[in-house]
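K.L.:
This is the structure I want to talk about, given as structure tokens.
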Amino acid sequence: DKVPLLFQPITIKNLTLANRVVVAPMCQYSSKDGIMGDYHLVHLGRFALGGAGLILIEATAVEARGRISPDDTGIWSDAHIPGTKRVVDFVHGHGSKIGIQLNHAGRKSSVPGYYRKSEPSELWLDEVVGPTGNLRWDDKHFVPRELSLDEISEVIKAFGAAARRAEQAGVDTVEIHAAHGYLLHQFLSPVTNKRTDKYGGSLENRARMLLETIAEVRANFPAEKPIFVRISASDNVEHLEGPSWDIEQTVQVAKWIRDAGVDVLHVSSAGNTADQKIAYAPGYQVPYAERVKKEVPGLLVIAVGVITNGRQAEAILQEDKADMVAVARAFLRYPNLVYNFAKELSVIPRYLAQCNMFLARSGL
Ligand code: FNR
């Protein structure tokens, strides 16, 4: 029998994944001072036992002030390396690969907590920064201060230093977060970037921050290891007047990203403005991934968004709409989701951990 594409290995530079199912990054708001602990070991470790090809660690802050909330994971200091390495080593010990998503939340930082209500003293309202001052997400967010040119250089350097620490922790890849309305997306979109210097205005100028960040990360991460970027393909504000971020600009920037040495583009959407309108449906973001895959040869593409079934995932690959699929919520529901996908496609990968092999042998 032919092995389904979903269960065929894929090699990206020196990284070989056992299958094409990726655990999408998911903030857990369960860190103290940015350090990964037992929670992260168990939360991420179970996806390794579940046979995921690649696990992406949640949006992890490259600067303390770039955390979404005080409970985010961080990699802004060497003190973060051991906790991260412990998770990475466990995942490697069970046959999965692991990357870390590097983030700066920009104007969406310093949120008073999603699950635990942060004390006002834990927040850093004076250090909420963005491309443009005075433009806030909504009245639950602080008003950002505009980054100076020197500060932009410092943030870019922080991404590079974070990549170097991630390498010391042993990760297989880093994913630069330029999606969901965080700082790099804020620079890309004319909705959030009103600058008149070399970082604002034309598409080339709005993409400059991202491209300089990629160059800095590339210089600080081993050349033989791949780099991923996550992007929102659209601000999803077509119902509004005025310029915004869309798939046309995404395709152009994807070409620049590829030429800058990025190996994989993880194609999501939205998150940049409270005015967005999103039509959630199974595979709703796949058409964006497909556009990039068709128009930017040489760049591998991950599709994500309400992919919950093995046959659905396999069809996306068979129809050449993406090279890999990523899943978030269905992995929370079923940490052994890869086993479900395998059953739906009538394959039993031999590398599955004991917990799944018992199921396979008993036909459940
Ligand atoms: C997310 N998502 C997300 N995205 C991202 O790029 N970085 C992150 O840290 C997070 N955090 C996060 C936490 C939780 C609890 C959820 C449910 C989601 C978005 C996620 O990666 C994914 O793109 C969406 O959830 C859509 O995929 P699913 O859930 O439909 O498979």
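The values are calculated or read from the model by the stated rules, or taken from the named source; none is laboratory data. Given the structure is predicted, the values throughout are model-derived calculations rather than measurements. A quick note on method: Cβ atoms are made from the backbone with ideal geometry, for glycine too, and the neighbour counts reach across all protein chains shown.
K.L.:
Against the condition touching a residue at least 24 places away in the same chain (Cβ under 8 Å), within 13 Å of the ligand (Cβ to nearest atom), small (Gly, Ala, Ser) and surrounded by fewer than 18 Cβ atoms within 10 Å (Cβ to Cβ), how does Ser69 come out, does it pass? Spell out the reasoning first.
P.N.:
Values: touching a residue at least 24 places away in the same chain (Cβ under 8 Å): yes; within 13 Å of the ligand (Cβ to nearest atom): yes; small (Gly, Ala, Ser): yes; surrounded by fewer than 18 Cβ atoms within 10 Å (Cβ to Cβ): no.
Judged against the criteria, Ser69 is not a match.
K.L.:
Criterion first (more than 16 Å from the ligand (Cβ to nearest atom), in a helix (DSSP H, G or I), crowded, with 21+ Cβ neighbours inside 10 Å and not polar (S, T, N, Q)) does Val91 satisfy it?
P.N.:
Values: more than 16 Å from the ligand (Cβ to nearest atom): yes; in a helix (DSSP H, G or I): yes; crowded, with 21+ Cβ neighbours inside 10 Å: yes; not polar (S, T, N, Q): yes.
So Val91 passes the test.
K.L.:
From Ala215, Ala223, grab the single residue that is of a type in the set (A, V, I, L, M, F, W, C), away from the ligand (no atom under 16 Å from the Cβ) and either in a helix (DSSP H, G or I) or closer than 18 Å to Gly66 by Cβ (or both). Write out each step before concluding.
P.N.:
Details: Ala223 fails: either in a helix (DSSP H, G or I) or closer than 18 Å to Gly66 by Cβ (or both).
That would be Ala215, the only listed residue that is of a type in the set (A, V, I, L, M, F, W, C), away from the ligand (no atom under 16 Å from the Cβ) and either in a helix (DSSP H, G or I) or closer than 18 Å to Gly66 by Cβ (or both).
Yes or no, residue by residue, for (1) among the aliphatic types (A, V, I, L, M); (2) under 30 Å from Leu345 (Cα atoms); (3) crowded, with 23+ Cβ neighbours inside 10 Å; (4) away from the ligand (no atom under 15 Å from the Cβ):
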site: Ala64; (1), (2), (3), (4): yes, no, no, yes
site: Pro82; (1), (2), (3), (4): no, no, no, yes
site: Gly95; (1), (2), (3), (4): no, yes, no, yes
site: Pro112; (1), (2), (3), (4): no, no, no, yes
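K.L.:
Given the conditions (1) part of a loop (DSSP other than H, G, I, E, B); (2) at pLDDT 95 or above, and given that Gly113 satisfies all but one, which numbered condition is not satisfied?
P.N.:
(2)
K.L.:
From Arg195, Arg208, which residue is free of Cβ contacts under 8 Å to residues at least 40 places away in the same chain, over 25 Å from Leu17 (Cα atoms) and not polar (S, T, N, Q)? Break it down stepwise before answering.
P.N.:
On the way: Arg195 fails: free of Cβ contacts under 8 Å to residues at least 40 places away in the same chain.
Just one listed residue meets the conditions, Arg208.
K.L.:
Taking segment 250-268, which residues are part of a loop (DSSP other than H, G, I, E, B) and surrounded by fewer than 20 Cβ atoms within 10 Å (Cβ to Cβ)? Outline the logic, then answer.
P.N.:
So the first thing to find is which residues in segment 250-268 are part of a loop (DSSP other than H, G, I, E, B), and the list is 260-263.
Within segment 250-268, Ala260, Gly261, Asp263 qualify.
K.L.:
Considering each of Gly34, Gly51 in turn, give the residue that is within 20 Å of Ala163 (Cβ to Cβ) and touching a helix residue (DSSP H, G or I) at 6+ places or on another chain (Cβ under 7 Å). Walk me through it before giving the result.
P.N.:
Working: Gly51 fails: within 20 Å of Ala163 (Cβ to Cβ).
Criteria check complete, one pass: Gly34.
K.L.:
Just one of the numbered conditions (1) farther than 15 Å from Gly53 by Cβ; (2) part of a loop (DSSP other than H, G, I, E, B); (3) within 16 Å of the ligand (Cβ to nearest atom) is not true of Leu332; which one?
P.N.:
Every listed condition holds for Leu332 apart from (2).
K.L.:
Within segment 269-293, count every residue that is buried (at least 18 other Cβ atoms within 10 Å of the Cβ), out of contact with any Phe, Trp or Tyr (no Cβ under 8 Å at 6 or more places or on another chain) and within 19 Å of Gly181 (Cα to Cα).
P.N.:
5
K.L.:
Give the residue, chosen from Val338, Val304, Val296, Val327, that is away from the ligand (no atom under 12 Å from the Cβ), in contact (Cβ under 8 Å) with a residue 40 or more places away in the chain, buried (at least 22 other Cβ atoms within 10 Å of the Cβ) and within 20 Å of the chain's Cα centre (by Cα). Quick ask: steps written out before the conclusion?
P.N.:
Numbers: Val304 fails: away from the ligand (no atom under 12 Å from the Cβ); Val296 fails: buried (at least 22 other Cβ atoms within 10 Å of the Cβ); Val327 fails: away from the ligand (no atom under 12 Å from the Cβ).
Checking each option against the conditions leaves just Val338.
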